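Participant: Structure provided below as structure tokens; questions to follow.
The values are calculated or read from the model by the stated rules, or taken from the named source; none is laboratory data. Note that this is a predicted model, so its numbers are computed, not measured. Reconstructed Cβ throughout: ideal geometry from the backbone, glycine too, with neighbour counts over all protein chains shown.
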Amino acid sequence: MIQCNDIILAYSNDTEVRQRATSGGIGSSLVNRLFAQGRINSAISFEYDKKLLGYRPRIVASAEDYTVSGSIYHEINLYAYIREHIGEIKSPFLCFALPCQVNPIKKMLEKQGIESYIIELTCSSQQSFEATEYLLKRVGVSKENVSSIRYRGDGWPGGICITLKDGSCVRVPNNNSIWMQIFQSHLFVMPRCFYCQPVRETMSDIKLADPWEIDIIGKETQGRSLCHVKSGRMAEILNGMVDEEFITYEKRQMADFLYSQRGVIARKTYNLHHLRFTKWIKSVLGNKWYRKSVLSSTFLFRVHCFLYTYGYRCLHKLENLREH
Ligand SMILES: Cc1cc2nc3c(=O)[nH]c(=O)nc-3n(C[C@H](O)[C@H](O)[C@H](O)COP(=O)(O)OP(=O)(O)OC[C@H]3O[C@@H](n4cnc5c(N)ncnc54)[C@H](O)[C@@H]3O)c2cc1C
Ligand code: SF4
């Protein structure tokens, strides 16, 4: 029996949803189930826009209109979108949100008398559009030749699929790839992410994550979602989904959740403990000339990634030594 505050590893029994989703498809299964039960009358969805070269949010009123888009790693100003389209929302409303967006969105909806279910997505950082543009440059694809981009899906951990105008797909894996280097370079991270709280109290009903270092890449290929069940009503919904065989789960501990995210938690904690250093790093990474030179050649980009990654590792080790 799932209870509030439980940590579970779960997946959708709908193989198509599980295959298209980011990890185990629990987020998308919840959208489908809550619409089917009449518990929600609208939800957020994301549609790819060719002109934008990215995703736009959309309010949908049925499960058929919802797209299993997988995680989207470019910036989306979801708060502003919801504020501008609040009149289109039919209560109760289901919304996915990153940790920094959960409480502001929940409060805005409450003010308008809209009941909401918030599904929180664990978040290491959000990237600017420039990250995707740089990826295209590095894999030798012109923007004009792109028909659509998916960042995740196609099994676990999946990866990027850049669909070209002729229907072919350029694949970039999620791990050990240029996309991972782009993420780790921190050259494209949104400014607010440098000061992100590693652990936040939020008003979400459930928090979802990839089970990094719990499931082994290569061994687990279909995907499971690591979930922190945060409300009693969400525990009840999930128990119903288990009884009706929509999802499968096993219980885990909070320590597993924290362990799987420990790298990101350590980095965020370090940043907040060393605000002057963080401000300096942010200004170096944002410097026009530094960026121009590092992004002008593959060699310099690699040097930057090496220095940045190993520099941070050394600093963390020093910090640990000092603490002990
Ligand atoms: C920017 C970002 C960073 C992340 N960082 C981490 C991390 O460091 N560690 C970790 O374990 N997990 C991270 N995740 C969460 C993880 O990628 C999955 O979202 C989670 O495993 C849920 O998978 P699922 O298969 O259950 O959900 P799915 O069934 O794939 O449903 C997820 C739904 O969320 C919505 N969505 C996608 N992107 C966004 C977005 N940017 N903003 C709002 N809604 C969105 C879409 O509607 C999508 O269909 C991150 C996600 C994002 C978007
Ligand atoms: S890293 Fe933090 S501040 Fe940045 S998008 Fe994610 S939750 Fe928000």
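Participant: Looking only at segment 135-178, filter to residues that are polar (S, T, N, Q) and touching a Ser or Thr at 6+ places or on another chain (Cβ under 6 Å); which one of those is farthest from ligand 1 (Cβ to nearest atom)? Before the answer, list the steps.
Facilitator: Of the residues in segment 135-178, the ones polar (S, T, N, Q) are 142, 145, 147-148, 163, 168, 174-177.
Checking which are touching a Ser or Thr at 6+ places or on another chain (Cβ under 6 Å) leaves us with 147-148, 163.
Details: Ser147: 19, Ser148: 15, Thr163: 17 Å.
Among those that are polar (S, T, N, Q) and touching a Ser or Thr at 6+ places or on another chain (Cβ under 6 Å), it is Ser147.
Participant: Restricting to segment 180-200, what's the tally of residues that are over 16 Å from Arg262 (Cβ atoms), over 15 Å from the mean Cα position of the chain (by Cα) and either modelled with pLDDT under 95 or in a helix (DSSP H, G or I) (or both)?
Facilitator: Number satisfying all stated conditions: 8.
Participant: Let me spell it out: the conditions are (1) at pLDDT 95 or above; (2) within 20 Å of Leu226 (Cα to Cα); (3) in a helix (DSSP H, G or I), and Glu245 meets all of them except one. Which number is the exception?
Facilitator: With (1) at pLDDT 95 or above; (2) within 20 Å of Leu226 (Cα to Cα); (3) in a helix (DSSP H, G or I) applied to Glu245, the lone miss is (3).
Participant: Before we move on, is Leu307 surrounded by 13 or more Cβ atoms within 10 Å (Cβ to Cβ) and under 22 Å from Leu135 (Cβ atoms)? Before the answer, list the steps.
Facilitator: Values: surrounded by 13 or more Cβ atoms within 10 Å (Cβ to Cβ): no; under 22 Å from Leu135 (Cβ atoms): yes.
No; evaluated as a whole, the condition is false for this residue.
Participant: For residues in segment 154-205 being of a type in the set (Val, Ile, Thr) and within 16 Å of ligand 2 (Cβ to nearest atom), which is farthest from Thr122 (Cα to Cα)?
Facilitator: Ile182
Participant: Go through Gly153, Gly167 for me and flag whichever is touching a residue at least 24 places away in the same chain (Cβ under 8 Å) and not charged (D, E, K, R).
Facilitator: Every option except Gly153 fails the conditions.
Participant: Checking the condition touching a strand residue (DSSP E or B) at 6+ places or on another chain (Cβ under 8 Å) and among the basic types (Lys, Arg), which residue from Arg56, Arg83 passes?
Facilitator: Working: Arg83 fails: touching a strand residue (DSSP E or B) at 6+ places or on another chain (Cβ under 8 Å).
On inspection, the qualifying residue turns out to be Arg56.
Participant: Continuing with the same structure: Specify which of the listed residues (Ser147, Ser177) is among the hydroxyl-bearing types (Ser, Thr, Tyr) and at pLDDT 95 or above.
Facilitator: Ser147
Participant: May I ask you to list pairs of residues, at least six apart or on different chains, whose Cβ atoms are under 8 Å apart, with the first in segment 282-307 being under 13 Å from Ser185 (Cβ atoms) and the second being not in a helix (DSSP H, G or I)?
Facilitator: Leu285/His186; Leu285/Leu187; Leu285/Val189; Arg291/Leu187; Val294/Leu187; Leu295/Leu187; His304/Leu187
Participant: If a residue must be assigned to a loop (DSSP other than H, G, I, E, B), more than 16 Å from ligand 2 (Cβ to nearest atom) and crowded, with 21+ Cβ neighbours inside 10 Å, how many such residues does segment 11-37 contain? Walk me through it before giving the result.
Facilitator: Here is the first cut: in segment 11-37, the ones assigned to a loop (DSSP other than H, G, I, E, B) are 13-14, 21-25, 37.
Then keep just the ones that are more than 16 Å from ligand 2 (Cβ to nearest atom); that gives 13-14, 21, 23-25, 37.
When the remaining residues are screened for being crowded, with 21+ Cβ neighbours inside 10 Å, the result is 21, 23-25.
Total meeting the criteria: 4.
Participant: When segment 42-99 is examined, which residues are found to be more than 23 Å from Asn174 (Cα to Cα), aliphatic (A, V, I, L, M) and more than 17 Å from the chain's Cα centre (by Cα)?
Facilitator: Residues satisfying the conditions are Ala43, Ile59, Val60, Ala61, Ala63, Ala80, Ile82, Ile86, Ile89.
Participant: So, one more: So, in segment 38-67, exactly how many residues are part of a loop (DSSP other than H, G, I, E, B) and at pLDDT 95 or above?
Facilitator: Total satisfying the criteria: 8.
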